[in-house]
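The values are calculated or read from the model by the stated rules, or taken from the named source; none is laboratory data. Because the structure is predicted, anything quoted here is derived from the model rather than measured. Cβ: placed from backbone, ideal geometry, glycine included. Neighbour counts: every protein chain shown. Remember, those area values only see protein heavy atoms, side chains included, never the ligands or the DNA or RNA. Shrake-Rupley method; radii C 1.70, N 1.55, O 1.52, S 1.80 Å.
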Amino acid sequence: VDEFSQLNLDYRIAIVAFGDLTVPGDRIEATNFITNIEIIKKSLKRIPRYGGGGNEGESSLEALLKAIKLEYRSTAVKVIILITDEPAIQRELTATTLIETLTKNEFLTFVISPAIQYFKDMAIKNGGKWYQISATTDFSDLLDMFKEVAKKVTVVVRDVYKIGNGKVSTYLQLKDPSKD
């Protein structure tokens, strides 16, 4: 958040927390868009911690859909950063469908997840970058990864404005972000 705030952009940040919707009590919650860095930091510290149940998977796709449906300014470069340590539960909503929705709606997408191909595709096909997380990821490694993600997001958003004139699709036509 500190890295991003130094960009001198007219940013707003919303936080979407999720668990496993197949587990009673787990749900998806979203904050309103926030512009105050200190409030954003407090909101991040207060993200609900859901149990997730004993099954494998989380409702990350439904959480992304909720994020997509937030009310954005028409001129905003929209960025999603998904952080999950589980595969996505896929029933009615599939990763393929969600990747297409992110692309159609021009969301730059960065993903921190286990090494699962659809998470990698989600980031690469939408101008972002994929970062691996696993059960053995060390906390200090996570902090370094978050700093790297923040720096990369700021660079890509700047490039979307400069190279793509604020349009993700134009940026992707003119520059291949997977080569960075």
- Query: If you take the residues of the range 93-114 that are open to solvent by less than 10 Å² (accessible area, probe 1.4 Å) and more than 11 Å from the chain's Cα centre (by Cα), which of them is farthest from GLN132 (Cα to Cα)?
  - Reply: LEU98
- Could you tell me whether the range 135-150 includes any residue that is under 20 Å from ASP2 (Cβ atoms), open to solvent by 20 Å² or more (accessible area, probe 1.4 Å) and either modelled with pLDDT of 90 or more or polar (S, T, N, Q) (or both)? yes
- Task: Answer yes or no: is there a residue in the range 29-46 that is loosely packed, with under 15 Cβ neighbours inside 10 Å, under 17 Å from the mean Cα position of the chain (by Cα) and in a loop (DSSP other than H, G, I, E, B).
- Result: yes
- Which condition number in (1) closer than 26 Å to ILE47 by Cα; (2) modelled with pLDDT under 95; (3) among the β-branched types (Val, Ile, Thr) is the one that VAL155 fails? (1)
- Output yes when any residue across the range 51-69 is part of a loop (DSSP other than H, G, I, E, B), over 22 Å from ALA123 (Cα atoms) and in contact with a strand residue (DSSP E or B) (Cβ under 7 Å, 6 or more places away or on another chain), and no when none is. yes
- Query: When the residues of the range 69-92 are filtered to those that are crowded, with 17+ Cβ neighbours inside 10 Å and of a type in the set (A, V, I, L, M, F, W, C), which remaining residue is farthest from PRO114 (Cα to Cα)?
  - Reply: VAL77
